[in-house]
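J.: I'd like to ask some things about the structure below.
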Amino acid sequence: MKNKGIISSFYAPLTRIIHEGWAVLFPANYAGYFYRKTSNKELNLKDPRDYNEKLEWLKIYSDTSQWTECADKYKVRNYIRKCGLEHILTDLYGVWKDPDEIDFSGLPDKFVLKANHGFGKTILVRNKSELDIAETRLTLKKWLKDRYGLMTFEPHHWNIERRILAEELLQDDFNTSLSSSLIDYKFWCVNGEPEVVVTMLNRRNVSVGSSEDQERSSFKAGAYDLNWNLHPEMLTDAPALPTDAPLPKPYCFDEMIRICRELSKPFPTVRVDLYEVNNRVYFGELTFTPGGNKNYFSDELFLKMGAKIDLTSVKLRGKRFII
C-alpha cells in the first residue's frame with residue numbers, strides 16, 4: 001500500500017503535465033478525448049450541431065480573451081460597472097494575492113471568502129469569532145496554488161491572476177423555508193437572450209458559525225422557461241435531485257431578464273448567475289463553460305440552443321495557442 005501511494009504521488013503530477021501540454025498543443029484532439037470521457041459521445045468539430053459541440057468549437061477557435069476577464073470573479077466587477085449595473089454587485093471588503101496579508105480584524109463579523117478562479121472555493125463566515133484563522137490561511141493558500149482550466153478543458157480560466165476576495169455575506173429573509181442556501185438563478189443565454197433558467201436549492205458550502213447548511217435537505221435543481229413554467233423533462237443529468245414543486249416566481253424576475261440581456265450581449269453564449277435577496281437582485285458570476293460537457297439538459301434542448309449559435313459570425317482566435 002505504501003509503494004502504491006508513492007507511485008501515485010509520482011504519476012499524478014506527471015499525468016497533469018502531460019494532459020496540460022496535450023490541451024495546449026493539440027486542443028482539438030484533447031477536446032475530443034475529454035468530451036468522450038465526460039459525455040460518452042464523439043465530438044464533431046467539423047459540423048457541430050448541439051450546444052455542447054458548438055461550445056467546444058468556441059473554446060478552440062474563437063477569441064475567448066473577454067471570457068478570461070469576465071470569468072475572473074474580481075475583474076468581472078469592472079465589466080458589471082461598464083454595463084451600468086454596479087447596483088447588483090455585493091460589497092467588496094478586500095482582495096489579496098497572499099492570504100498572509102489579510103487583516104481579519106478589519107473584516108466585519110459576517111463575510112464570504114472566495115478565490116476568484118475555478119469553482120467550489122468559497123467559505124461562508126457567519127461568525128468571525130469562530131473562524132480558525134491559521135487553518136483558513138492554509139486553505140486559501142492551497143486554493144491559490146491550483147492553476148485551473150487545462151485538464152478540464154476550460155482554457156480561458158488558465159490565465160486568471162489568482163486572488164482571494166472578501167465580500168458581503170448575503171442573507172435572504174424571504175426564502176429560508178424554501179432553501180437552506182441562497183437560491184441560485186442560472187440563466188443560460190444565447191446571442192444575448194435567456195433561453196432557460198435553472199434554480200439551485202440547498203447548496204453546500206463551507207460555513208463557519210452555523211451548522212444550518214449541513215442540517216437542511218439535499219441539493220435540488222429545477223428548470224424553467226421564461227414564463228416560469230417548471231420543465232422536469234429538460235434536466236436529464238443535473239448534479240442534484242429534481243425540485244419537488246415549482247418555486248414562486250422571483251419578485252424581480254423581469255429585472256433579472258433585462259440584466260441577463262445586457263450582460264450576455266457580447267457573447268455567443270454565457271450563463272448568467274443571479275440571486276434575489278430581500279426583493280433585490282445581486283450578481284453571482286458569468287460562466288462560459290457550464291455543465292462540464294455532461295448531458296445536463298435533454299438532447300432536444302441542447303439541439304435547440306445549439307441551432308441558435310451562428311459560428312460564422314464569431315470573432316476568431318488571433319493568437320497561436322489557446323492560452
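The values are calculated or read from the model by the stated rules, or taken from the named source; none is laboratory data. Keep in mind that what you see is a predicted model, and the values were worked out from it rather than measured. Positions of Cβ are backbone-derived with ideal geometry, glycine not excepted, and every protein chain shown enters the neighbour counts.
J.: Going by the structure shown, is PHE104 surrounded by fewer than 19 Cβ atoms within 10 Å (Cβ to Cβ), hydrophobic (A, V, I, L, M, F, W, C) and either free of Cβ contacts under 8 Å to residues at least 24 places away in the same chain or touching a Pro at 6+ places or on another chain (Cβ under 7 Å) (or both)?
T.: no
J.: Cβ-Cβ under 7 Å, sequence separation 6+ or interchain: first residue in the range 61-75 and more than 16 Å from GLY118 (Cα to Cα) and of a type in the set (Asp, Glu), partner buried (at least 22 other Cβ atoms within 10 Å of the Cβ) and modelled with pLDDT under 95. Which pairs?
T.: none
J.: Just to be sure I understand the filter: pairs with C-beta atoms under 8 Å, separated by 6 or more residues or on different chains, first member in the range 249-269 and more than 20 Å from LYS54 (Cβ to Cβ), second member modelled with pLDDT under 95. Which pairs pass?
T.: Close Cβ pairs (under 8 Å, with a partner that is modelled with pLDDT under 95) amount to TYR251/ASN279; CYS252/ASN279.
Each row is one residue, and each column tells you yes or no for (1) under 22 Å from GLY118 (Cα atoms); (2) surrounded by 15 or more Cβ atoms within 10 Å (Cβ to Cβ); (3) without any contact (Cβ under 8 Å) to a residue 40 or more places away in the chain.
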{"site": "ASP237", "(1), (2), (3)": "yes, no, no"}
{"site": "PRO246", "(1), (2), (3)": "no, no, yes"}
{"site": "LEU301", "(1), (2), (3)": "no, yes, no"}
{"site": "ARG320", "(1), (2), (3)": "no, no, yes"}
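J.: If you check ASN175, ASN159, ASN191, which single one turns out to be of a type in the set (S, T, N, Q) and under 22 Å from VAL95 (Cβ atoms)?
T.: On inspection, the qualifying residue turns out to be ASN159.
J.: Could you please let me know if SER177 is buried (at least 17 other Cβ atoms within 10 Å of the Cβ) and assigned to a loop (DSSP other than H, G, I, E, B)?
T.: No, not satisfied.
J.: Which condition from (1) modelled with pLDDT under 95; (2) closer than 27 Å to ASP132 by Cα; (3) among the small types (Gly, Ala, Ser) is the one that SER39 breaks?
T.: (2)
J.: Consider PHE119 carefully, then state whether it is part of a loop (DSSP other than H, G, I, E, B), closer than 21 Å to GLU20 by Cβ and out of contact with any helix residue (DSSP H, G or I) (no Cβ under 7 Å at 6 or more places or on another chain).
T.: yes
J.: Follow-up. So, of the residues in the range 145-157 that are part of a loop (DSSP other than H, G, I, E, B) and touching a helix residue (DSSP H, G or I) at 6+ places or on another chain (Cβ under 8 Å), which turns out to be surrounded by the most Cβ atoms within 10 Å (Cβ to Cβ)?
T.: PHE153
J.: Here's a follow-up. Would you tally the residues in the range 54-83 being over 18 Å from ILE160 (Cβ atoms) and among the aromatic types (Phe, Trp, Tyr)?
T.: Residues meeting the conditions: 2.
J.: A further question on this structure: Sort out which residues of the range 93-138 are in contact with a Lys or Arg (Cβ under 8 Å, 6 or more places away or on another chain) and closer than 24 Å to HIS156 by Cβ, and write them in order of number.
T.: VAL95, TRP96, LYS97, LYS114, ALA115, ASN116, HIS117, LYS121, THR122
J.: In the list LYS128, LYS186, which residue meets the criterion of being of a type in the set (Lys, Arg), at pLDDT 95 or above and under 30 Å from ILE309 (Cβ atoms)?
T.: Only one candidate qualifies: LYS186.
J.: Still on this model: Let me spell it out: the conditions are (1) at pLDDT 95 or above; (2) touching a helix residue (DSSP H, G or I) at 6+ places or on another chain (Cβ under 8 Å); (3) among the basic types (Lys, Arg); (4) over 24 Å from ARG77 (Cβ atoms), and LYS142 meets all of them except one. Which number is the exception?
T.: Single failed check for LYS142: (2).
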